[in-house]
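Inspection log for the structure reproduced underneath, given as structure tokens.
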Amino acid sequence: MEIVYVYTKKRSEFGRQCNFSDRPAELHVDILPDISLAANFTVRDPCNVTVQCAEEMSEHEVRPRFESESRGINHVEGGWPKDLNPEDMEATIRYRKKVEKDEHYQNTIMQIAGEFFEDEDEEVLEESEEQPSAKTINVFRDPNEVKRTATSLSWHPDGNHKLAVAYSSLEFQRAPNDMSFDSYIWDIENPNKPEMTLKPVSPLVCLEYNPKDSHILVGGSYNGQIAYWDTRKGSQPAEMSTIEHSHRDPVYKVTWLQSKTGTDIFSASTDGQVLWWDIRKMSEPTERLVLDPSKKGNLDNALGAVSLEFETTMPTKFMVGTEQGLVVSCNRKAKTPAEKIVCTYSGHHGPIYALQRNPFFPKNFLTVADWTARIWSEDIKESSIMWTKYHMAHLLDGCWSPVRPSVFFTIKMDGTLDVWDILFKQNDPTLSLKVCDEALCSIRVQDNGRFLGCGSQLGTTTLLEISAGLCTLQKNEKAMVSEMFERETKREKILEARHREMRLKERSRSEQSREDEGKETDGEENAEELVACAEREFFEIMEKINLSVDCQH
């Protein structure tokens, strides 16, 4: 039975709007069930039925009325602890450094980075398995005829594509009259000619880029003056300290302080003083400390300063390496000058040319002097917790790797660079490289830990690239180094306590022997007194007897 239903509509009504209305149902056909057909019914299993899953939606239009008004929004930076002021730049940098050194934070970042840079990690891993090595990238030579020592290096803080080198002759009264005073800024891609010349009034012994403003450099001169340069203003110093308020000896180290203005520095010299400066006003220092170990502030007894250490996460503390082989720990915020000198660490036989805290474990610091490099703990005053063997040649500088807590570098008078990895071995360097024939006097590593510069006695600065394994953080390296430092510190504490106990016993023995000697002498004196008393009594008795005999006669 075929059902056909026809709709008819005039052509003139096509395109008009449909108007629907309710009406009662109409029955067109009624089909009754046929029971005989049920036997032929086949169940389909599974039964695939196509359906359209669409969300039921309704449409509604409104034409709202609104009034516009301009308002400002106060955005507050979040994520900082309640007790931290986000506007205090020094505090936020200190907190960020603290968080970045946290093991959990680093693991989390590595996991996130691992998802996106999985292939690169595999390449780095393959590179890190190669043997430790280093290759020369470029050599920058002093352009003057009279060669001077490259006494200090400083990397450009933005991108590390420039290297500032200070040149000076440190041989007292042996510098030729025609010796140049200039120092230079080199582009590491162009060794033929310096990018810029710095013209001080006296040769620069140290030079340091401002970490906040890459156009600013500060330098310490051989005559004791401090000067700073703005590279946008040319080769002449922007301002200098007055000679009467400066150091009396060469300035061996200048360091930038972490401050809001980014203009504060402090300097150290072999005249026994540490001076604080604000480069906006260089007429006189803002603060002064005399390194007198007796804490009396006597400049005649002061220790000559050769190296400085300032860690931004410890803004009140700083350390000074001296000519006499002592490390002086100081507290800048102490109330009196005597309280500013906290304690000293003794263990070297000569000037401490390098002094630096470990970037990952600031309580542990590295010193380089005489024939050894030593690692110390702040908690142990008597002795270092680790040290290298005694070398045949003097060590003249050294520093930690900024990316690996177990790696540090030292340079020697025979022109050799030593790379130490204390996780791998402690008795010998992991890599020893002959850089040049003359003495190496200064070293500085880039922030990425891959490139390092070595300055020599004849003014040659060699740029080296070390292998990936020496500048890639190894798995669990921080935990292993921390455990090593703690173990060695504990060992030295036990030895220190044992030595203290032995000294006390020796002192008590010497005191006891003195007391015994005193008792013996007292006994001898008592015996003499008894004999004398007995003699007196004897003579008195004899006189009485003689008198009685005379009376009888």
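Cα-based Rg (one decimal) and Dmax (whole number) for segment 411-516, in Å?
22.3, 69
Got the relative contact order for segment 134-476 handy, in percent, Cα pairs under 8 Å and 6 or more residues apart?
Computed value for segment 134-476: 13 percent relative contact order.
Ignoring ligands, DNA and RNA, what accessible area per residue does segment 134-476 give at 1.4 Å, in Å²?
In whole numbers, segment 134-476 has 40 Å² accessible per residue.
With only Lys, Arg, Asp and Glu charged, each at its Cβ (+1 for the first two, -1 for the last two), find how big the charge dipole of the chain is about the Cα centre; round to the nearest 20 debye.
Dipole magnitude for the chain comes out near 1680 debye.
Consider the candidate values [x] 25.3; [y] 23.5; [z] 30.4; state which one is Kirkwood radius over Cα pairs in Å computed from the structure displayed.
Here the calculated entry is [z].
Work out, step by step, the length gained on full extension between Y7 and T312: first 0.36 nm times the residue separation, then minus their alpha carbon distance; give nm to one decimal.
100.8 nm
Can you give the local net charge around V320? Use residues other than it whose beta-carbon is closer than 15 angstrom to its beta-carbon, Lys and Arg +1, Asp and Glu -1.
Taking every other residue near V320 into account, the sum is -1.
Taking H placed 1.01 Å from N in the peptide plane, check which residues at least 5 places from E239 or on another chain put their amide H under 5 Å from its amide H.
Under 5 Å from the amide H of E239 lie the amide H atoms of Y228, each far enough along the sequence or on another chain.
Considering only protein heavy atoms and a 1.4 Å probe, what is the carbon-and-sulfur percentage of the accessible area of the chain?
Using a 1.4 Å probe with all protein chains present, the chain comes out at 50 percent carbon and sulfur.
If amide hydrogens are placed 1.01 Å from N in the peptide plane, which non-local residues have theirs closer than 5 Å to the one on C441?
For C441, the qualifying residues are G455, S456, Q457.
Along segment 330-338, what does the Karplus equation 6.51 cos²θ - 1.76 cosθ + 1.60 (θ = phi - 60°) give for ³J(HN,Hα), rounded to whole Hz, x for Gly and Pro?
10, 10, 5, 8, 5, 6, 10, x, 5
The values are calculated or read from the model by the stated rules, or taken from the named source; none is laboratory data. Please read all numbers here as calculations on a predicted model, not as lab measurements. A quick note on method: Cβ atoms are made from the backbone with ideal geometry, for glycine too, and the neighbour counts reach across all protein chains shown. For accessibility, only protein heavy atoms count, side chains too; no ligands or nucleic acids. Shrake-Rupley method; radii C 1.70, N 1.55, O 1.52, S 1.80 Å.
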